[in-house]
Ligand code: NDP
């Protein structure tokens, strides 16, 4: 028998044949179970529009069962009293299991979400492995402090802080990076000792379910990691549930605001990673080759369905036309098609709904007076699935909707500038503040602009670099809190101050 790796098409065929045989259940208290209503919904392959399998449609009653399981698991000594070293071991074991199944998981994400399998393997699967390994390092290092208090009475006091898990966490994630978004939340939550209910997006439930199965195999006790698949109602039921202590959400700003309102019932802790409309700022002295390649990747990677997508281009007037031509050249070299083919670098959008949304924004841009430089349509020859061409809209204006609103598709809105103060004002003229790119070889300008731009992450002469060690999140309406690093551990824990009278 040959040991040659199987092609993504062969893996997909096996997966689809296996998955089509049974409904994927919810994962509650360590078991795969049907929804209490018996309802299911289909999940489809965006490259073909065909149904992959049926998935349990969780509702309020299932959410209640999952929350009860998570609450019980929080008090289960097998989890509550687990040593930091053992918690760390489990997270590393989970990383090992993901690694062993990396090819299959990349294909599973590809058929459920549409993104090319080869890119998925690197960005989502290997990224998730790194996330679990990174947070596996925290349980043994995350603790409190001893603090020098000075009580008026003069009593001798020992004061110290400890970190305790925040409790039961509802982790609500979107469809654009399903596995990574789950890992970014599950890993720190488990590292901090919390228990979780993960609610994946209705379009992409499959890797979340597999992740929970692998976690059980890695030794995570039953009830610690639950998954409720379903629609927004399941997410809303989680946010409403008095047994949930914290909600961590990534998705649209609109739903983020609804979550804040709904979480007031028992004043849940809320962290939000919301939309973006990130500016790419290019100065006249920039390395145009490097900038063009990175700006193209920054908007067209994952078909533009990225919260940090660099979707507003501010190119200095002196290099504007040349830069746009080079970005367009990069776009023309993207290979569009079914992401199971290793030559493909640009897949379909996730759904018909998203296709309609992106298409409508191109029309809005045209109506507002912008010009379609490239793209704007379904690519010729790709008649099934939800494919949309890489698109550049030039002559965009500051107040246009295509400059102000998150399109969440492969559409770059291009503007030019001449005055630096006006450039900064324009870059900051946004409800969002997730990230920004700056392209210049002038070190003083780079630092000045990095300081002036209102964004949670600023990349200078690079774009979309993300690492578990450094905080990630947004200013303004791009969110609350920061994922990754110590910040994430703090978000999933409570700090307790303890006073011991030694007098
Ligand atoms: P949503 O914000 O609607 O969905 C994100 C997650 O929240 C999903 O799991 C969703 O479930 C769930 N959800 C929906 N409604 C509620 C609710 N009331 N309470 C709790 N959870 C809820 O994003 P969409 O998938 O609908 O995408 C819409 C737009 O949002 C996109 O076009 C894009 O502009 C933006 N978006 C931004 C993202 C980002 O990272 N910045 C990520 C994804 C989307 P369900 O899937 O079942 O609706």
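Among the residues of the stretch 165-200, count how many are within 13 Å of the ligand (Cβ to nearest atom), in a loop (DSSP other than H, G, I, E, B) and surrounded by 24 or more Cβ atoms within 10 Å (Cβ to Cβ).
Taking the stretch 165-200 first, the residues within 13 Å of the ligand (Cβ to nearest atom) are 170-178, 180-182, 184-185, 197-200.
If we keep only those that are in a loop (DSSP other than H, G, I, E, B) too, we end up with 173-177, 200.
Now drop any that are not surrounded by 24 or more Cβ atoms within 10 Å (Cβ to Cβ), which leaves 173, 176-177, 200.
Summing the residues that are within 13 Å of the ligand (Cβ to nearest atom), in a loop (DSSP other than H, G, I, E, B) and surrounded by 24 or more Cβ atoms within 10 Å (Cβ to Cβ) in the stretch 165-200 gives 4.
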When you check residue 235 against the structure, is it assigned to a loop (DSSP other than H, G, I, E, B) and within 25 Å of residue 108 (Cα to Cα), yes or no? no
Would you pick out the residues in the stretch 471-498 that are touching a helix residue (DSSP H, G or I) at 6+ places or on another chain (Cβ under 8 Å) and closer than 14 Å to residue 166 by Cβ? 481, 488, 489, 491, 492
Residue 230, sole failed condition from (1) part of a helix (DSSP H, G or I); (2) buried (at least 24 other Cβ atoms within 10 Å of the Cβ); (3) within 12 Å of the ligand (Cβ to nearest atom): (1)
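In the list 501, 468, which residue meets the criterion of being in contact with a helix residue (DSSP H, G or I) (Cβ under 8 Å, 6 or more places away or on another chain), at pLDDT 95 or above and over 22 Å from residue 311 (Cα atoms)?
Working: 501 fails: in contact with a helix residue (DSSP H, G or I) (Cβ under 8 Å, 6 or more places away or on another chain).
Exactly one residue qualifies, and that residue is 468.
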When residues of the stretch 242-267 are filtered for being surrounded by 16 or more Cβ atoms within 10 Å (Cβ to Cβ), near the ligand (Cβ under 7 Å from one of its atoms) and outside any helix (DSSP H, G or I), how many remain? 3
Might you let me know whether the stretch 63-71 holds any residue that is part of a helix (DSSP H, G or I), surrounded by 19 or more Cβ atoms within 10 Å (Cβ to Cβ), under 22 Å from the mean Cα position of the chain (by Cα) and in contact (Cβ under 8 Å) with a residue 24 or more places away in the chain? no
On the basis of being in contact with a helix residue (DSSP H, G or I) (Cβ under 9 Å, 6 or more places away or on another chain) and surrounded by fewer than 18 Cβ atoms within 10 Å (Cβ to Cβ), does residue 122 make the cut? yes
When (1) part of a helix (DSSP H, G or I); (2) without any contact (Cβ under 8 Å) to a residue 60 or more places away in the chain; (3) surrounded by fewer than 19 Cβ atoms within 10 Å (Cβ to Cβ); (4) within 28 Å of the chain's Cα centre (by Cα) are applied to residue 93, the one that fails is (2)
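Please indicate, with yes or no, whether at least one residue in the stretch 205-225 is within 18 Å of the chain's Cα centre (by Cα), within 14 Å of the ligand (Cβ to nearest atom), modelled with pLDDT of 95 or more and assigned to a loop (DSSP other than H, G, I, E, B). Even if it seems obvious, please write down each step before you answer.
Kept after step one, since they are within 18 Å of the chain's Cα centre (by Cα), are these residues of the stretch 205-225: 205-212.
Subset that is within 14 Å of the ligand (Cβ to nearest atom): 205-209.
Keeping just the survivors that are modelled with pLDDT of 95 or more gives 205-209.
Then drop every residue that is not assigned to a loop (DSSP other than H, G, I, E, B), which leaves 205.
Looking through the stretch 205-225, at least one residue is within 18 Å of the chain's Cα centre (by Cα), within 14 Å of the ligand (Cβ to nearest atom), modelled with pLDDT of 95 or more and assigned to a loop (DSSP other than H, G, I, E, B).
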Looking at (1) in contact with a strand residue (DSSP E or B) (Cβ under 7 Å, 6 or more places away or on another chain); (2) at positive phi; (3) more than 16 Å from the ligand (Cβ to nearest atom), can you tell me which one residue 465 breaks? (2)
Tally of residues being in contact with a strand residue (DSSP E or B) (Cβ under 8 Å, 6 or more places away or on another chain), in a loop (DSSP other than H, G, I, E, B) and free of Cβ contacts under 8 Å to residues at least 40 places away in the same chain across the stretch 32-62: 2
Segments classed as strands (runs of 3 or more DSSP E), wholly inside the stretch 350-446, with at least 3 members that are within 16 Å of the ligand (Cβ to nearest atom): 411-417
What pairs come out if I take residues in the stretch 270-286 that are closer than 8 Å to residue 249 by Cα and pair them with residues that are more than 16 Å from the ligand (Cβ to nearest atom) whose C-beta lies under 7 Å away, six or more apart or interchain? 271/491
With the condition kept exactly as written, say whether any residue in the stretch 284-299 is within 16 Å of the ligand (Cβ to nearest atom) and either buried (at least 24 other Cβ atoms within 10 Å of the Cβ) or not in a loop (DSSP other than H, G, I, E, B) (or both). yes
In the stretch 28-55, residues that are within 24 Å of the chain's Cα centre (by Cα) and farther than 30 Å from residue 347 by Cα total 1
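In this structure, does residue 151 turn out to be without any contact (Cβ under 8 Å) to a residue 24 or more places away in the chain, in contact with a strand residue (DSSP E or B) (Cβ under 6 Å, 6 or more places away or on another chain), farther than 28 Å from residue 80 by Cβ and surrounded by fewer than 23 Cβ atoms within 10 Å (Cβ to Cβ)?
On the way: without any contact (Cβ under 8 Å) to a residue 24 or more places away in the chain: yes; in contact with a strand residue (DSSP E or B) (Cβ under 6 Å, 6 or more places away or on another chain): yes; farther than 28 Å from residue 80 by Cβ: yes; surrounded by fewer than 23 Cβ atoms within 10 Å (Cβ to Cβ): yes.
Yes: the conditions hold for residue 151.
The values are calculated or read from the model by the stated rules, or taken from the named source; none is laboratory data. Bear in mind that the values here come from a model prediction, so they are computed numbers and not experimental data. Every residue, glycine as well, gets a Cβ built from its backbone with ideal geometry; the counts of neighbours run over all protein chains shown.
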